[in-house]
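The values are calculated or read from the model by the stated rules, or taken from the named source; none is laboratory data. Computed from a predicted model, the values in this text were never measured in an experiment. As a convention, Cβ positions derive from the backbone with ideal geometry for all residues, glycine included, and neighbour counts pool all protein chains shown. The area values use the complete protein model at the heavy-atom level, side chains included, leaving out ligands, DNA and RNA. Shrake-Rupley method; radii C 1.70, N 1.55, O 1.52, S 1.80 Å.
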Amino acid sequence: MCNVPNVDALSTSVAEAIGPYQPLGVVGRGAVGTVYRARHTVTEGLVALKTLRVSDPKSVGSIRREVHALRRLNHPGIVPVLDDGFAEGVPWYTMPFLDGPTLLGHLDALWATGRNGFPPAAGGDLPRALAIVRRLCDALACLHGEGLVHCDLKPENIILSASDQPVLVDFGFVALFGARSRERVEGVSGLIEGTFGYMAPEQLAGGLLDARADLYSLGCILYEMVTGRPAFAGEGWQLVEQHLNGTPALPSQFVADVPQALDELIMGLLAKEPRERVGYADDVAAAIEGIVGEGDTSSRLHARPYLYRPEIAGREPILAEFDDLLNRAKLGSGSIVLLGAESGVGKTRLAIEVGTVAARRGFRLVTGECLAVEARGFGMGLADSPLHPFRPFLQLLSAEHRSYAVTQGGPLRAADVAVLTRYEPSFTTAATPPFTALSPPEARLQAVSSILNALAAFTSANPTLMVLDDLQWADELTLDVLGAIARTSFVRERRLIILATYRTEEQREVLERLTSAPGVLNRTLSRLDESAVGSIVADMLALNFPPAPFVRYLADQTSGNPFFVAEYLRAAASEGLLTRDRQGRWIVAERAQVLERLQRDLPFPDSLRDLLERSLANLSHDARRLVEEAAVFGREIDMDLLDLVDHKLAFQPIEDLRRRGVLED
């Protein structure tokens with residue numbers, strides 16, 4: 001969107017001064033903001049200035065960090081971010097004003113003579129087309145190495161310089177990605193952003209994105225460059241359906257002189273599942289060099305290596321059981337399931353997977369997190385509060401209750417509202433019945449009864465999955481509620497599944513009684529076998545066949561604990577012990593010296609604590625200082641509040657910590 005032919009023909013409706021810039025004309029408007037041609041009021045230099053639309057005030061901090069991450073990029077194939085700021089609460093950033101042709105214009109000119117008959121690949125200039133894509137891969141490798149995904153890669157957003165250097169522009173949809181350390185139960189946004197014609201299936205489905213979403217878009221672009229036609233055709237949801245379920249014809253069916261290796265590369269980029277795609281932009285560049293000859297790679301910039309978030313592995317039997325439970329719940333026969341495991345074995349990851357499947361089937365997903373007493377409620381009014389894991393549910397129910405008109409009543413009885421107000425103040429209204437003093441046993445019985453009535457009201461219209469994480473830290477009243485559900489037919493008569501996770505090494509006596517209750521399905525996760533460990537390694541390194549000795553080494557040293565496996569891989573990559581060569585291949589081959597080096601320089605610690613302490617010890621001074629200050633706030637922190645504590649620690653340390661998986665958005 002930095003390319004602006006005939007600016008004067010565009011809208012002249014401009015804003016007032018934005019920071020030190022005076023907008024001169026509107027270049028274009030999109031879903032996430034407006035691009036202006038602007039002039040610096042002091043230097044008089046021309047720039048492209050983009051304002052970003054903010055739909056949720058909570059996203060401002062994330063936008064600031066994304067823009068800051070973009071400012072760190074230094075690559076000839078990525079338009080630099082020159083300046084950024086806020087104007088009346090609206091974030092903006094500036095880029096050089098580029099007026100070269102876009103790749104879209106290049107394609108239009110290339111295929112202007114038509115596509116009749118069986119034309120040559122790329123209009124007869126396949127080497128040039130592949131050279132452009134190879135240079136584009138270098139830029140993407142740099143972008144992805146910084147933990148960024150473009151999310152709207154398309155020919156219109158690629159400028160071609162006179163030397164055929166493609167330049168990525170318009171980062172309006174940019175997203176941060178990274179392999180998480182600790183999993184957390186949370187929903188996927190479901191928000192679709194980007195351009196349908198080049199959008200990856202997981203992006204269209206509103207799922208979690210990583211660098212492979214850009215590589216899918218690159219596959220669409222390469223297909224169009226080679227054949228002169230889009231990989232998928234259609235409008236609106238017809239086009240979406242093609243991306244989700246369609247398979248394009250091989251490029252060689254439309255044009256001549258397409259090497260088999262190029263057919264395979266393009267189709268590999270267009271795989272529906274990210275784990276089946278070509279893994280890294282460097283891999284694409286290496287494949288192209290194998291097709292056309294290596295060429296001059298001396299100017300290639302070495303990108304920072306990165307790891308992917310692994311898919312769930314080794315849990316097929318229990319996922320099949322949950323599949324059956326979801327089917328039964330949708331028909332009106334719910335269940336309560338307790339899922340136990342030692343720390344790091346993946347109970348929360350499994351709960352996330354079940355929640356994702358349930359949401360796709362039309363279930364309402366409600367989550368709650370039990371907090372250790374010492375971690376509860378800094379600034380949240382939760383310290384030692386009963387029913388704190390149910391608070392997100394109660395807040396949601398309170399909002400629905402208030403949305404009813406007074407004449408319509410609400411989903412809850414007034415007596416229940418009066419009780420629930422003690423535990424969730426948002427229920428309080430002028431019409432709330434006064435508090436009645438009760439003895440502790442009476443109050444507990446009343447609270448349990450009202451929670452059950454609230455659950456009955458909430459699940460009357462839609463099937464619901466409630467996930468409660470870390471039940472070993474639950475308060476006594478929460479356990480009383482679950483006990484009452486377990487002892488009765490309450491959940492078995494409703495479209496409700498309650499899935500509660502707990503750590504087996506911290507199991508309390510009261511929790512043991514709950515796990516053995518006749519109405520409870522108690523399931524325990526074991527550690528992973530070598531095959532499942534291999535699947536994690538394959539996912540994180542984007543390898544189809546990870547070296548068997550390396551997998552065996554990890555499986556033996558971690559005893560199949562997936563958290564240990566992932567953290568060790570992150571530590572090895574962070575410390576430069578696990579690297580990619582100039583052709584983009586991970587150096588984890590069967591060679592004995594590779595494992596010997598890992599054993600010498602990164603020996604497996606005796607505990608997870610030792611591994612995490614080693615990771616923290618390697619932080620920069622500012623990053624470690626930020627972690628120490630953030631730790632005072634507990635597991636969750638408000639970045640604006642932290643900024644008030646020490647605004648000098650703003651962006652760079654946060655990015656370093658996010659890349660290492662210490663902090664997560």
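Just to verify a result, which residue in the range 264-285, among those that are among the small types (Gly, Ala, Ser) and assigned to a helix (DSSP H, G or I), is nearest to GLY228 (Cα to Cα)? Working first, answer last.
Narrowing the range 264-285 to residues among the small types (Gly, Ala, Ser): 268, 271, 279, 281, 285.
Filter once more, so that each one left must be assigned to a helix (DSSP H, G or I): 268, 281, 285.
On the way: GLY268: 19, ALA281: 23, ALA285: 21 Å.
The residue in question is GLY268.
Kindly indicate whether GLY206 is modelled with pLDDT under 85 and open to solvent by less than 10 Å² (accessible area, probe 1.4 Å). Steps first, answer last, please.
Numbers: modelled with pLDDT under 85: yes; open to solvent by less than 10 Å² (accessible area, probe 1.4 Å): yes.
Spelling it out, GLY206 is indeed modelled with pLDDT under 85 and open to solvent by less than 10 Å² (accessible area, probe 1.4 Å).
Which ranges mark the helices (runs of 4 or more DSSP H) fully within the range 48-162 that have 2 or more residues being among the small types (Gly, Ala, Ser) and under 23 Å from the mean Cα position of the chain (by Cα)? Give the derivation first.
Numbers: elements: 60-71, 103-110, 126-145.
In the range 48-162, the matching helices (runs of 4 or more DSSP H) lie at 60-71, 126-145.
Just checking, which of ALA555, ALA572 is buried (at least 21 other Cβ atoms within 10 Å of the Cβ) and either free of Cβ contacts under 8 Å to residues at least 60 places away in the same chain or of a type in the set (A, V, I, L, M, F, W, C) (or both)? First the steps, then the outcome.
On the way: ALA572 fails: buried (at least 21 other Cβ atoms within 10 Å of the Cβ).
Result: ALA555 is the single residue among ALA555, ALA572 that is buried (at least 21 other Cβ atoms within 10 Å of the Cβ) and either free of Cβ contacts under 8 Å to residues at least 60 places away in the same chain or of a type in the set (A, V, I, L, M, F, W, C) (or both).
One line per residue, one yes/no per condition, for (1) touching a Gly at 6+ places or on another chain (Cβ under 6 Å); (2) closer than 13 Å to ALA500 by Cα; (3) modelled with pLDDT of 85 or more:
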{"site": "GLY334", "(1), (2), (3)": "no, no, yes"}
{"site": "GLY340", "(1), (2), (3)": "no, yes, yes"}
{"site": "GLY344", "(1), (2), (3)": "no, no, yes"}
{"site": "VAL366", "(1), (2), (3)": "no, yes, yes"}
{"site": "ALA372", "(1), (2), (3)": "no, no, no"}
{"site": "HIS388", "(1), (2), (3)": "no, no, yes"}
{"site": "LEU396", "(1), (2), (3)": "no, no, yes"}
{"site": "TYR404", "(1), (2), (3)": "yes, no, no"}
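From the set of residues in the range 323-351 that are open to solvent by 20 Å² or more (accessible area, probe 1.4 Å) and in a helix (DSSP H, G or I), which is nearest to ALA566 (Cα to Cα)?
Here is the first cut: in the range 323-351, the residues open to solvent by 20 Å² or more (accessible area, probe 1.4 Å) are 323-324, 327-328, 330-333, 342-344, 346, 349.
When the remaining residues are screened for being in a helix (DSSP H, G or I), the result is 323-324, 327-328, 330, 349.
Values: ASP323: 27, ASP324: 30, ASN327: 33, ARG328: 35, LYS330: 35, ARG349: 13 Å.
Among those that are open to solvent by 20 Å² or more (accessible area, probe 1.4 Å) and in a helix (DSSP H, G or I), it is ARG349.
For ASP138, all conditions in the list (1) closer than 14 Å to LEU215 by Cα; (2) in contact with a helix residue (DSSP H, G or I) (Cβ under 6 Å, 6 or more places away or on another chain); (3) open to solvent by 10 Å² or more (accessible area, probe 1.4 Å) hold save one; what is the number of the exception?
Going through (1) closer than 14 Å to LEU215 by Cα; (2) in contact with a helix residue (DSSP H, G or I) (Cβ under 6 Å, 6 or more places away or on another chain); (3) open to solvent by 10 Å² or more (accessible area, probe 1.4 Å) one by one, ASP138 breaks only (2).
I'm checking my understanding of the structure. Among residues of the range 352-362 that are in contact with a helix residue (DSSP H, G or I) (Cβ under 7 Å, 6 or more places away or on another chain) and open to solvent by less than 20 Å² (accessible area, probe 1.4 Å), which one is nearest to THR464 (Cα to Cα)?
Checking each candidate, the answer is ALA358.
Taking the conditions exactly as written (aliphatic (A, V, I, L, M), open to solvent by 30 Å² or more (accessible area, probe 1.4 Å), more than 25 Å from MET540 (Cβ to Cβ) and assigned to a helix (DSSP H, G or I)), does ALA261 satisfy them or not? Quick ask: steps written out before the conclusion?
Values: aliphatic (A, V, I, L, M): yes; open to solvent by 30 Å² or more (accessible area, probe 1.4 Å): yes; more than 25 Å from MET540 (Cβ to Cβ): yes; assigned to a helix (DSSP H, G or I): yes.
So ALA261 fits the description; yes.
For the range 172-193, check the following and say yes or no: at least one residue is open to solvent by 10 Å² or more (accessible area, probe 1.4 Å) and modelled with pLDDT of 90 or more.
At the first step, the residues of the range 172-193 found to be open to solvent by 10 Å² or more (accessible area, probe 1.4 Å) are 172-193.
Next cut, modelled with pLDDT of 90 or more only: none.
No: zero hits.
Here is a list: GLY560, GLY661. Which entry is modelled with pLDDT under 80, open to solvent by less than 70 Å² (accessible area, probe 1.4 Å) and of a type outside the set (A, V, I, L, M)?
On the way: GLY560 fails: modelled with pLDDT under 80.
After ruling out the rest, the residue left standing is GLY661.
Quick check on the range 493-509: of everything there that is modelled with pLDDT of 90 or more and of a type in the set (Lys, Arg), which residue is least open to solvent (accessible area, probe 1.4 Å)?
Ranking the candidates gives ARG503 first.
Give me the residue from the range 247-258 that is surrounded by fewer than 17 Cβ atoms within 10 Å (Cβ to Cβ) and not charged (D, E, K, R) and, out of that set, nearest to LEU126 (Cα to Cα).
Keep residues of the range 247-258 that are surrounded by fewer than 17 Cβ atoms within 10 Å (Cβ to Cβ), which gives 247, 249-250, 253, 256-257.
Okay, now just the ones that are also not charged (D, E, K, R), so 247, 249-250, 253, 256.
Values: THR247: 23, ALA249: 19, LEU250: 16, GLN253: 16, ALA256: 10 Å.
Only one residue tops the list, namely ALA256.
Restricting attention to the range 463-489, which residues are open to solvent by 10 Å² or more (accessible area, probe 1.4 Å) and among the charged types (D, E, K, R)?
Matches in the range 463-489: ASP475, GLU476, ASP480, ARG487.
Please go through the range 461-472 and give me each residue that is out of contact with any helix residue (DSSP H, G or I) (no Cβ under 6 Å at 6 or more places or on another chain), at pLDDT 90 or above and not in a strand (DSSP E or B), ordered by number.
If the condition is that a residue be out of contact with any helix residue (DSSP H, G or I) (no Cβ under 6 Å at 6 or more places or on another chain), at pLDDT 90 or above and not in a strand (DSSP E or B), then ASP470, LEU471 are the ones that fit.
Kindly evaluate SER531 against the criterion of being under 30 Å from VAL278 (Cβ atoms), open to solvent by less than 70 Å² (accessible area, probe 1.4 Å) and not aliphatic (A, V, I, L, M).
Values: under 30 Å from VAL278 (Cβ atoms): yes; open to solvent by less than 70 Å² (accessible area, probe 1.4 Å): no; not aliphatic (A, V, I, L, M): yes.
When the stated conditions are applied, SER531 does not pass them.
Is it the case, given these coordinates, that ASN522 is loosely packed, with under 13 Cβ neighbours inside 10 Å and on the phi < 0 side of the Ramachandran plot? Steps first, please.
On the way: loosely packed, with under 13 Cβ neighbours inside 10 Å: no; on the phi < 0 side of the Ramachandran plot: yes.
It is false that ASN522 is loosely packed, with under 13 Cβ neighbours inside 10 Å and on the phi < 0 side of the Ramachandran plot.
Does SER531 meet the test of being at pLDDT 90 or above, farther than 20 Å from VAL417 by Cβ and out of contact with any helix residue (DSSP H, G or I) (no Cβ under 8 Å at 6 or more places or on another chain)? Full working, then the answer.
On the way: at pLDDT 90 or above: yes; farther than 20 Å from VAL417 by Cβ: yes; out of contact with any helix residue (DSSP H, G or I) (no Cβ under 8 Å at 6 or more places or on another chain): yes.
Criteria met by SER531.
Looking at (1) at pLDDT 85 or above; (2) open to solvent by 30 Å² or more (accessible area, probe 1.4 Å); (3) not small (Gly, Ala, Ser), which is the only condition LEU126 fails?
Among (1) at pLDDT 85 or above; (2) open to solvent by 30 Å² or more (accessible area, probe 1.4 Å); (3) not small (Gly, Ala, Ser), the lone unmet condition for LEU126 is (2).
Could we say that LEU103 is closer than 15 Å to GLN165 by Cβ and at pLDDT below 90 here?
Values: closer than 15 Å to GLN165 by Cβ: yes; at pLDDT below 90: no.
Taking the combined requirement at face value, the residue does not satisfy it.
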